[in-house]
Amino acid sequence: MDKNLNDAILLFDNYGQDSQALHTSFKLAGFSCPAVAIEDDGFLPDDVMSVYGFFLGDFKAALGDRAKPKYFNEITVPEYWEISGTNSSGKVQDLYKERGRIFYAEPRHKRLVKIVDWYDERGVVRSSDHYNRYGAVYGRTIFNAKGQKVNKTYFSADGREAIVENFVTGDIILNEGDEVRIFHNKTEFVLHFFVRARFTQSRIFFNSLSTPFFVSSQMKSQVKRDILFWQEPARDEIPGNMQLVFKGEASRTATVMVQKKEAYHKLLALGAPKDMVHQLGFLYPFSKENAHQPEALICTNSDNIEHCRELAKALPQMHFHIAALTEMSSKLAEMDAYSNVSLYPGIKMGVLEELFETCDYYFDINHESEIVSAVYRAFLHNHLIFAFQETAHNPGFVAERLMFPAAGWQRMQAEAEAAMADAGVLEKMLQQQREAAMAETAERYQRL
């Protein structure tokens, strides 16, 4: 495969975690090719193209010095309306009546506006303003009286109505220069983008059996070179569109790379042809080696940390660093009484990054939601990750032997002691953790 991949693109429905992992894997394998996301949430990185954004123009150039994300209290509201926010979301109130809800881009603690929902007098969402990373409203969704989506309008960088997508009929209207183009579905729209972006001769690596598969199937080729990277969980039957690939009825796709172990084995059990289905994991940008230091990190947004006291008492040789973005309750503050526990209320991002660098263990034992993508970051920092089944936020990055029921906390203690006592045991556990996450080698990607 040509390392420049001048004749290939990565095509995603959206740029979620699995899409990001696949894109990163290609880059770590030494390949460069355009990455394209069909759905644009307004916060795509510089090296990912947006199908919709392609027709909207350059917001950064248009806004100049004002091109920066909108902080939650910077949105425009009527006089006397009040804006308030937490680290998870914000709201707009008119006296005691809630008029709007503010949703943040990740990481949410930065409180950067991604979507603002606006309510009618009955508290039903009637419109949503979509903000991008330049602080502009690039889209607006309209809802009917039942709160159902009707259409979404996309605005160009110079404020024009550029695209209107009708969710009832599926039509997409594009105002392109002096022309008005009507597409009857999203596939037609993406195919037009392919023409305009000069991708019609490109090999397509895609990770969805919806629009990306339809786009691949609509494009003709004498040789089947496109590849489906299947990232969905195991199913009880082979998806219909995937069956078309296996029957040879997909015009350009002949290979399926499955990126979840259970899904791979399930497909084979369901009779998928072995010569067309292969297992392929991800390349991860590990930032450091494990230094075998008994320093552990816990990131939490609540004081409900499963068996925290018991573990701190039972593992005096391990130092626990407990970090929170907010202030800590008196219940959690009491943990400061243990000599092997350090608390970090309202932690700064620089300090938190130092802890990820310093620590070699991560305990995913906090209830409530995860903060700062902590488990994934711990994995990339080569932490050995322990989790309870009741608290696990991202179990795909935890070795099976290190996932316990909460009642089995003493087994967690024993495994932690074993890892600290023997570097060989620790390395074996880390290898099992990488295998659970399907950590891959660059050579496997180079054979695509």
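Using only alpha-carbon positions in segment 34-99, the gyration tensor eigenvalues give semi-axes of 31, 15, 11 Å once each is multiplied by 5 and square-rooted (largest first). Using Cβ point charges alone (K and R +1, D and E -1), the dipole size of segment 99-224 about the Cα centre works out to roughly 600 debye. Ranking Val258, Phe386, His319 by how far each Cα lies toward the positive end of the dipole of the chain (charges on Cβ) leaves Val258 at the top.
How much of the DSSP beta bridge set in segment 277-366 is antiparallel, as a percent to the nearest 5? All intermediate terms of the calculation are to be shown ahead of the outcome.
Details: 1 of 13 bridges.
Among the beta bridges of segment 277-366, antiparallel pairing accounts for roughly 10 percent.
Candidates Ala406, Val190, Ala62 compared by Cα position along the dipole of the chain: farthest toward the positive end lies Val190, with charges placed on Cβ. When DSSP beta bridges are restricted to pairs lying wholly in segment 164-275, around 50% turn out antiparallel.
Here the extension length gained between Ser127 and Phe54 equals 23.9 nm, from 0.36 nm per residue of separation less the Cα-Cα distance. Note on the chain: helix-only mean residue ellipticity at 222 nm, from DSSP H runs of 4+ residues weighted -39500 (n - 2.57) and normalised by residue number, equals -7000 deg cm²/dmol.
Taking a Cβ cut-off of under 14 Å around Leu95, the surrounding Lys, Arg, Asp and Glu residues balance to a net charge of -2, with basic ones at +1 and acidic ones at -1.
The string of couplings for segment 407-418 from the Karplus curve (6.51, -1.76, 1.60, θ = phi - 60°) is 5, x, 4, 5, 5, 4, 4, 5, 5, 5, 5, 5 Hz, one whole number per residue in order, with x for Gly and Pro. The calculated P(r) of the chain, using every Cα pair and 10 Å bins from 0, goes 4, 17, 24, 25, 20, 8, 1, 0 in percent.
Ranking request for peptides 360-370, 426-436: highest mean number of other beta-carbon atoms within 10 Å first, then the rest in descending order. It would help to have the intermediate numbers written out before the result.
On the way: 360-370: 21.5, 426-436: 17.2.
Top of the packing list down: 360-370, 426-436.
Only the Cβ atoms of Lys and Arg (+1) and of Asp and Glu (-1) were treated as charged; on that basis the dipole of segment 189-257 about its Cα centre amounts to roughly 460 debye. Per-peptide packing, taken as the mean over residues of other Cβ atoms within 10 Å, places 255-264, 237-246 in the sequence 255-264, 237-246 from highest down.
Assuming a ≥ b ≥ c are the square roots of the Cα gyration tensor eigenvalues, decide whether segment 246-361 counts as rounded (a/c under 1.5), prolate (otherwise, with a/b larger than b/c) or oblate. Prolate.
Placing a pseudo-label 7 Å from each Cα along the Cα-to-Cβ vector at Ala442 and Val223 gives an inter-label distance of 2.5 nm.
Contact order for the chain, expressed relative to its length and based on alpha carbon pairs under 8 Å spaced 6+ residues apart, stands at 11 percent.
For segment 1-128, a/c is not less than 1.5, where a ≥ b ≥ c are the root eigenvalues of the C-alpha gyration tensor, and a/b tops b/c. That puts it in the prolate class.
Using Cβ point charges alone (K and R +1, D and E -1), the dipole size of the chain about the Cα centre works out to roughly 1060 debye.
In terms of its C-alpha gyration tensor, segment 142-190 has an oblate overall shape, because the principal axis ratio a/c (a ≥ b ≥ c, square roots of the eigenvalues) is not below 1.5 and a/b does not outweigh b/c. Computed from backbone phi, the HN-Hα couplings of segment 254-264 come to 10, 9, 10, 9, 9, 10, 9, 4, 4, 5, 4 Hz, rounded to whole numbers (Karplus: 6.51 cos²θ - 1.76 cosθ + 1.60, θ = phi - 60°; Gly and Pro given as x). Beta-bridge orientation, the chain: approximately 55 percent antiparallel, per DSSP, counting only bridges with both partners inside. Solvent-accessible area assigned to carbon and sulfur over the chain amounts to 48 percent, based on a 1.4 Å probe. Listed by chain and number, the aspartates and glutamates placed with their C-alpha closer than 15 angstrom to that of Lys97 are Glu79, Glu82, Asp117, Asp120, Glu121; residues fewer than eight positions away on the same chain are left out.
Ranking Glu165, Glu39 by solvent-accessible area of protein heavy atoms (1.4 Å probe, all protein chains present), from largest to smallest, gives Glu39, Glu165.
The values are calculated or read from the model by the stated rules, or taken from the named source; none is laboratory data. Note that the structure is predicted; figures quoted are calculated from it, not measured. FYI the Cβ positions are ideal-geometry reconstructions off the backbone, even for glycines, and counts take in every protein chain you see. Surface accessibility is based on the protein's heavy atoms, side chains included, excluding ligands, DNA and RNA. Shrake-Rupley method; radii C 1.70, N 1.55, O 1.52, S 1.80 Å.
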